[in-house]
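K.L.:
One structure, as structure tokens, below. Some questions next.
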Amino acid sequence: MHSPFVYTLVTKCFYDKKHKSLYPAIKSIYKKNYINANISFKNLKLIDRLITYLNYKQIAILENTSPLPYQTLLLNNSLSISKDISKSNYDFIYMNIKEYNNHSLEVILSNIHNDSLLLINGIHLSLQNISTWEQIKNHPKVTVTIDIFDLGFVFFRREQAKEHFVIRA
């Protein structure tokens with residue numbers, strides 16, 4: 001791994017095994033909604049760790065298929081959460097790849113900052129999703145992507161060389 005940013009993110013956030021105070025509440029939400037879930041409990045915990053580790057506050061959830069990411073993030077009272085992109089400078093945007101279209105990335109790019117994260121669920125569920133993921137990775141403003149199979153992490157850090165990582169999380 002070449003990127004110090006990605007190395008630190010993976011070792012201190014992705015692989016953090018310490019119990020977090022919100023995990024029991026996240027598990028309760030997951031158990032109530034797992035039938036309609038298109039995201040795992042493990043990945044919900046990862047999202048919670050990401051928000052805390054990266055100190056994100058402005059969140060957009062562009063997901064209409066499952067209430068789990070939204071309900072999980074509502075547990076953190078310090079977050080400002082929107083279900084659409086109605087303002088700029090979001091720190092974290094979560095979406096299902098099924099809801100992506102060719103115009104979505106341009107709209108997202110107009111509402112983020114240098115340290116924002118676009119987290120995309122379902123990047124390997126179909127050949128169409130894989131193709132869409134490849135298009136996103138190849139966008140000129142995308143600098144770092146991390147593929148953990150279920151989720152795709154997209155960063156726009158101008159100071160960083162373009163790199164793509166596949167990580168077992």
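Bear in mind that the values in this text are calculations on the coordinates, not laboratory data. All of these numbers come straight from a predicted model, not from anything done at the bench. Note that we place each Cβ from the backbone using ideal geometry, even for glycine, and neighbour counts take in every protein chain shown.
K.L.:
Please get the size of the charge dipole for the range 1-92, origin at its Cα centre, with Cβ charges of +1 on Lys and Arg and -1 on Asp and Glu, quoted in debye to the nearest 20.
P.N.:
My answer is approximately 380 debye.
K.L.:
Volume per residue, Å³, of the convex hull around the alpha-carbon atoms of the chain?
P.N.:
109 Å³
K.L.:
Whole-Hz Karplus ³J(HN,Hα) for the range 115-132, in order, using 6.51 cos²θ - 1.76 cosθ + 1.60 and θ = phi - 60°, x for Gly and Pro?
P.N.:
Each residue's phi maps through the Karplus curve to give 9, 6, 10, 9, 10, 10, 8, x, 5, 10, 6, 7, 5, 4, 5, 4, 5, 5 Hz.
K.L.:
Mind checking which lysines have their C-alpha under 20 Å from Lys98, skipping anything on the same chain fewer than 8 residues away?
P.N.:
Partners found: Lys83, Lys137.
K.L.:
Put +1 on the Cβ of every Lys and Arg and -1 on every Asp and Glu Cβ in the chain; which of Val154, Ile59, Asn114 then has its Cα farthest towards the positive end of the dipole?
P.N.:
Ile59
K.L.:
About its Cα centre, what dipole magnitude does the chain give when the only charges are +1 on Lys and Arg Cβ and -1 on Asp and Glu Cβ, stated in debye to the nearest 20?
P.N.:
Roughly 600 debye, rounded to the nearest 20.
K.L.:
One-quarter of the Cα convex hull surface for the range 1-60, in nm²?
P.N.:
Result: 5.2 nm².
K.L.:
While we're here: How big is the range 93-169 on each of its three principal axes, counting only the C-alpha atoms and giving the largest first in Å?
P.N.:
Sorted largest first, the three principal extents are 32, 28, 18 Å.
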